[in-house]
Amino acid sequence: MQPEEHEQVALALETLIRETQATIARVEKHGLDASMPEDYQALLDILDSAIKQQREHTMGMLNKE
């Protein structure tokens with residue numbers, strides 16, 4: 001992958017991260033984290049995965065090989 005491609009993916013992941021964080025905040029506000037723990041955990045897993053992927057692509061963007 002070229003650095004520019006890594007950057008595009010990292011930016012798309014940033015959008016996903018922010019949207020997921022907003023969803024998590026709404027879920028917590030309405031107490032759904034307690035009443036729907038499996039769905040809440042799925043959101044946390046999505047967030048964790050997106051952050052890890054974003055880090056990988058950021059490193060790929062910085063490593064101009």
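Does residue 10 qualify as being of a type in the set (A, V, I, L, M), out of contact with any strand residue (DSSP E or B) (no Cβ under 8 Å at 6 or more places or on another chain) and surrounded by fewer than 16 Cβ atoms within 10 Å (Cβ to Cβ)? For residue 10, the condition - of a type in the set (A, V, I, L, M), out of contact with any strand residue (DSSP E or B) (no Cβ under 8 Å at 6 or more places or on another chain) and surrounded by fewer than 16 Cβ atoms within 10 Å (Cβ to Cβ) - is not met.
Could we say that residue 22 is assigned to a helix (DSSP H, G or I), of a type outside the set (S, T, N, Q) and surrounded by 11 or more Cβ atoms within 10 Å (Cβ to Cβ) here? Spelling it out, it is not the case that residue 22 is assigned to a helix (DSSP H, G or I), of a type outside the set (S, T, N, Q) and surrounded by 11 or more Cβ atoms within 10 Å (Cβ to Cβ). For beta carbons closer than 7 Å, sequence separation of 6+ or different chains, a first residue in the range 10-21 that is free of Cβ contacts under 8 Å to residues at least 24 places away in the same chain and a second that is surrounded by 14 or more Cβ atoms within 10 Å (Cβ to Cβ), there are no qualifying pairs.
Among the residues of the range 11-42, those that are among the aliphatic types (A, V, I, L, M) and more than 19 Å from residue 58 (Cβ to Cβ) comprise 22, 24, 25, 27, 32, 34, 36, 42.
Output the residue which, of all residues in the range 36-58 that are more than 9 Å from the chain's Cα centre (by Cα) and in contact (Cβ under 8 Å) with a residue 40 or more places away in the chain, is surrounded by the most Cβ atoms within 10 Å (Cβ to Cβ). Among those residues, the one meeting the criterion is 57. As a summary of the residue check, residue 39 satisfies the conditions (1) modelled with pLDDT of 95 or more; (2) not in a helix (DSSP H, G or I) except for the one numbered (2). Is it the case, given these coordinates, that residue 33 is surrounded by fewer than 16 Cβ atoms within 10 Å (Cβ to Cβ), in a helix (DSSP H, G or I) and not polar (S, T, N, Q)? Judged against the criteria, residue 33 is not a match.
The values are calculated or read from the model by the stated rules, or taken from the named source; none is laboratory data. Since the model is a prediction, treat every value here as computed from it, not as a measurement. No Cβ is skipped: glycine too gets one built from the backbone with ideal geometry, and neighbour counts run over all protein chains shown.
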